[in-house]
Amino acid sequence: GLDFASSILDDLYRKADFDRDGVISWPEWQRFCELYPALLDSLYYRLKAHFEHLAEVGKIDGVKEQRNGLVDRERQLQNNLDQLKSDHDDLQRRYGDADLKVQGEQDGLRAAEDQSRDGAKDLDRARQLKADKERDFANERERERQAQLRAAESAREVEDARRKANAAQQNVDAAEATERRLLQALEDARREKDRQMGIAADARAAAAAAQDRHNQILGDIPQTVELAKSALQDADRDLANADQNQRALSKQVHDSAQRVQDAARSRDDLNRQLQGNRDRQDPCQRALDEAKRAIG
């Protein structure tokens, strides 16, 4: 440990080895201490300083090793903090994207709801139009029924007029036979013939008038029933299309609402991850600060 020259060590050994046997006994050591107290003190303090110096050097080496560990710990904590910050930035970006996606889905949901409301209005209008067409169709059917009743009544009148005309013609024939058979009643028969001919002419005129009225009634039968029926069929098709469109819009609204919920859940998950990242950053930052303070 002490840097003594070999000659000095040999001299000290000779001073302590009084009997020159090559071994320093305990009595010889005691005598050496009594004879050379100053040398003993010098050796004591030099050895003490030497070992204290060795202890300080050991402490310094321990502090250096501890400092290297703290530096490594600081580097590791800094890397962890940088990674957490990077994760935090990535989570913030993903959170922003998720929030934009939620907003987009909400806009889509509002648009789908607006389309659904418009489709519901179209459906209501189609239903109202169908109801109007059904009323028009029923009215046309009623007018057709009334016209058919009037036509049947007119047909009965025509038949009655024809029967009357036939009866009158028979009366004319009978009168002519009477004229031929009763020459002596010629004047009466002629008057009777003229009267019957007048009646027959009136009956024929009445029959012709009844036939004209019947034809006019038949011509007055509304031809709009088929048109109303076609319009009702068109209204049925429009109602079916509007109903199908409404179901499609309702499904679109449901799908948009589901996408909004999925995007909101994803955004909430990212928000929880972002909060967990912040919670992990705080102890890491505190550990890093403590390591920096320990390094000094």
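The values are calculated or read from the model by the stated rules, or taken from the named source; none is laboratory data. Since we're looking at a predicted model, the values are computed, not measured. Glycine also receives a Cβ, built like all others from the backbone with ideal geometry; neighbour counts cover every protein chain displayed. Side chains included, ligands, DNA and RNA excluded: accessible areas come from the protein's heavy atoms. Shrake-Rupley method; radii C 1.70, N 1.55, O 1.52, S 1.80 Å.
For this structure, a couple of remarks:
- Crossing angle, helix 6-16 versus the chain [Cα axis fit, 0-90 degrees, rounded to tens]: 60
- With Cα atoms, 0 to 90° folded angle of helix 186-220 axis to the chain main axis: 10
- At R0 = 51 Å, FRET efficiency that the Cβ-Cβ distance of LYS59 and ASP90 yields, to 0.05: 0.65
- 19 Å reach of a label modelled at ASP97, 7 Å along Cα-to-Cβ, counting backbone N of segment 255-272: 259-272
- Order by protection proxy (mean Cβ within 10 Å, highest first), peptides 201-212, 6-17: 201-212, 6-17
- Each peptide among 268-277, 33-42 gets the average number of other Cβ atoms lying within 10 Å of its residues, and from highest to lowest they stand as 268-277, 33-42.
- Estimated distance in nm for a label pair at TRP29 and PHE51, the labels positioned 7 Å out from Cα along Cα-to-Cβ: 1.3
- Ratio of Rg to Rh over segment 90-222 (Cα coordinates, Kirkwood Rh, two decimals): 1.78
- Note on THR178 and GLN211: the model spin-label points, each 7 Å out from Cα along the C-beta direction, lie 2.8 nm apart.
- Distance between the modelled labels on ASP19 and ASP118, one decimal in nanometres: 12.6 nm (7 Å Cα→Cβ projection).
- The slack between LEU39 and ARG204, meaning 0.36 nm per residue of separation minus the straight C-alpha distance, is 41.3 nm.
- Distance between the C-alpha centres of segment 244-277 and segment 89-113: 9 Å, rounded to the whole angstrom.
- Charge dipole (the chain, unit charges on Cβ, about Cα centre) - positive-most of GLN211, GLN78, MET197: MET197
- Accessible surface of the chain, 1.4 Å probe, proportion on carbon and sulfur as whole %: 50
- Exceedance of the 32 Å cut-off in Cα-Cα distance is limited, within the set LYS101/LYS130; LYS48/LYS292; LYS59/LYS292; LYS164/LYS229; LYS85/LYS251; LYS101/LYS121, to LYS101/LYS130; LYS48/LYS292; LYS164/LYS229; LYS85/LYS251.
- Nearest-20 debye value, the chain charge dipole, Cβ charges on Lys, Arg, Asp, Glu: 1380
- If R0 is 45 Å, the Cβ-Cβ spacing of ARG110 and GLN146 corresponds to a FRET efficiency of close to 0.25.
- For the chain, the 222 nm mean residue ellipticity estimated from helices alone, with every DSSP H stretch of n ≥ 4 adding -39500 (n - 2.57) and the total spread over all residues, rounds to -34500 deg cm²/dmol.
- As computed over the chain, the Cα convex hull volume per residue (Å³): 201
- Cβ-Cβ FRET estimate between GLN275 and ASP234, R0 fixed at 51 Å, reported to 0.05: 0.25
- Cα-centred dipole magnitude for segment 1-141, charges only on beta-carbon of K, R (+1) and D, E (-1), debye, nearest 20: 600
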